[in-house]
Amino acid sequence: MHSALSALRGARADISRVFVQSTQFLHCPGIRLMAADKELLLKLRKKTGYSFTNCKKALEKFSSDLQQAETWLHEQAHKEGWSKASKLQGRKTKEGLIGLLQDGSSAVLVEVNCETDFVARNVKFQQLVQQAAIATMAHCQSKHANTSNYTKDSFTTEEITQLKTSLDSCPLADHLALAIGSLGENMTLRRAAWVAVPFDWHIGTYVHGMLPVDNPALAKMTFGKYGAFVIYRPLEQNPKINLSELGRRLGQHIVGMMPLSVGSMEDPPGDDTETKMLAQPFLLDPGTTVGQFLYTSGVSLLDFVRYECGEVIEMAKKV
């Protein structure tokens, strides 16, 4: 009888232990997340782009509150990005991309630099270039909304980093820090230029070393190592002239021949004539000058902007 009671007590103790362990098992955060919050985990991952590990940690920390988890992830990424940006600040950024964005009668060129060409080909870096171009476009269109004449604006590193994005109203400096934290390289928002033209003028664009982009979200952007836009207008109606193709050819000349100013048809010969676009031999027809080509085409040239990734800005044409 005594041995039977002892066995019964032992069985009850074993059952109690199993019950406690089962309860602890059910309350384990990781198991609970896997069982009940897999859908939330996938949703948070898709919405933020952060790793599954960090998304899981955020959901566990805030008891599966999706909004709090997302806010915390952004805060942590922001802190990490600025910390890494400070550590990498002195490292040289000679690679990167020129980004071109055109919106009707206005266009933007931006240069964003990084340390290696490998990172320049990363979609997150390209998204940063796009954010810089969109923020510049929005700022200038708002600033010059009532202007009907030809208008041009330019931005230094210090100025462009303070522009805010329409996506979250944060300055580009914050997006730069996040990209640095994510990709682990120093980066620089180096410069930007914007132009807008009246209805009877045209903006020709050309990008050399163009980078193929598969992401649909970047479809409006053109990326490369060199970029140019040129401002021109027809002096007369000539159906034989393809104005869009003419603008592309002029942009190609600007990239290849590196003029520093437009110049004039009346410029006397001299050493500085080599840097004046109208006096230069036309890249696609060296037997004639750009000025002669434009004259026979019935086109007037007003201005241009040329960017080369990593060039010494002091030697480039001032915008």
Legend entry - Which listed residue is in the same structural domain as Gly99 (by TED's automatic domain parsing), within 21 Å of Phe304 (Cα to Cα), touching a residue at least 12 places away in the same chain (Cβ under 8 Å) and surrounded by fewer than 22 Cβ atoms within 10 Å (Cβ to Cβ), from Gly184, Gly209, Gly204: Gly209
Legend entry - Condition broken by Leu189, with the remaining ones in (1) under 17 Å from Val112 (Cβ atoms); (2) surrounded by 22 or more Cβ atoms within 10 Å (Cβ to Cβ); (3) touching a Lys or Arg at 6+ places or on another chain (Cβ under 8 Å) satisfied: (3)
Inset, instruction - Scan the range 155-191 for residues that are assigned to a loop (DSSP other than H, G, I, E, B) and of a type in the set (S, T, N, Q) and jot them down. - result: Thr156, Thr161, Gln162, Thr165, Ser166, Ser169, Asn186
Inset, instruction - Please find, among Gly263, Gly227, Gly247, the residue that is surrounded by 18 or more Cβ atoms within 10 Å (Cβ to Cβ), assigned to a strand (DSSP E or B), among the small types (Gly, Ala, Ser) and assigned by TED's automatic domain parsing to the domain that holds Val195. - result: Gly227
Inset, instruction - Quick one: which helices (runs of 4 or more DSSP H) lie wholly within the range 22-114 and hold at least 3 residues that are surrounded by 13 or more Cβ atoms within 10 Å (Cβ to Cβ), at pLDDT 85 or above and touching a strand residue (DSSP E or B) at 6+ places or on another chain (Cβ under 9 Å)? - result: none
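The values are calculated or read from the model by the stated rules, or taken from the named source; none is laboratory data. A quick note: this is a predicted structure, and the numbers were derived from the prediction, not measured. We place every Cβ from the backbone using ideal geometry, glycine too, and count neighbours over all the protein chains shown.
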